[in-house]
Amino acid sequence: MPTTFDLFGTLVAAERSDTPAEAVADALADRGVPVPDDWTVAYREPHEAVPEGAEQPLPDHVAAALASRGVDADGELVREATLAAFDRPVAVRDGARKAVVAAREHGSVGVLSNCSVPGLAERALERAGLDVDAVVTSVGCGWRKPDPRAFAAVADALDAEPESLVHVGDDPSTDDGVEAVGGRAVLLAETPLRELPELLEGRACR
């Protein structure tokens, strides 16, 4: 019985910048990338059409925003700056470690996270010291929860069928998407992490 977890807000709590455009601007400037005077406006503007349910990598958006103002920046610097802008300390949420251990007793364990910054989810897990079998992000697979293709991607990464997934998350608007592929959603508002071991034990015994 494979179990997947949302990451931010479920397994870990992370600081979030109230001014992401400024955070990205500072990180770009630190790397010698010229920042346009109207950067906040450029950052908020859409620069590429994104299909419904798809994820646009944030470095691509940042590069497009710079290009819209005549700045041709090195792609690697943009990727480094974008990661640095959102790479903040994380804290493991109460009950998360025990929940992951309990899930592993019943099968493989994965993380499925809506995250547009390449490498951010992996770095958060490393900092938190949480070990899982697979990490699938929206930026990695191309699709954001609740799109069924996101859940299909994490099932594939775990060598499992989508309908066998138990997905644990804190946001009904995204994490409920597992039900569209036949899996079961466990929402923290209804089942806190500390109660997950008992729930999984009961499900495994059915």
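The values are calculated or read from the model by the stated rules, or taken from the named source; none is laboratory data. A quick note: this is a predicted structure, and the numbers were derived from the prediction, not measured. For neighbour counting, all protein chains shown are included, and Cβ atoms are generated from backbone atoms with ideal geometry for every residue, glycine included. These area figures cover heavy atoms from the full protein model, side chains too; ligands, DNA and RNA do not enter into them. Shrake-Rupley method; radii C 1.70, N 1.55, O 1.52, S 1.80 Å.
Using 0.36 nm per residue of separation minus the Cα-Cα distance, give me the extension gain between residue 16 and residue 50 in nm, one decimal.
Length gained between residue 16 and residue 50: 9.8 nm.
Counting only protein heavy atoms, what percent of the accessible surface of the chain is carbon or sulfur at a 1.4 Å probe?
Roughly 46 percent, rounded to a whole number.
On the first, second and third principal axes, largest extent first, how far apart are the outermost C-alpha atoms of region 73-206 in Å?
On the principal axes, region 73-206 reaches 56, 29, 26 Å in Cα extent.
Alpha carbon centre of region 133-162 versus region 3-75: separation in Å?
Using only Cα atoms to place each centre, the spacing works out to 23 Å.
Take every DSSP beta bridge whose two residues both sit in the chain, then give the antiparallel share in percent to the nearest 5.
Just about 20 percent of them are antiparallel.
With charges set only on the Cβ (+1 for Lys and Arg, -1 for Asp and Glu), what does the dipole of region 119-187 come to about its Cα centre, in debye to the nearest 20?
The calculation lands at about 240 debye.
What full-extension length gain, to one decimal in nm, is calculated for residue 104 and residue 41 as 0.36 nm per residue of separation minus the Cα-Cα distance?
18.1 nm is the gain from fully extending residue 104 to residue 41.
Which percent of Cα pairs goes in each bin when the distances of region 1-82 are cut into 10 angstrom slices starting at zero?
Percent of Cα pairs in each bin: 16, 42, 28, 11, 3, 0.
Just to be sure I understand the model, the point goes 7 Å from the Cα along the line to the Cβ. What's the resulting residue 26 to residue 133 distance in nm?
It works out to 4.0 nm between the two label points.
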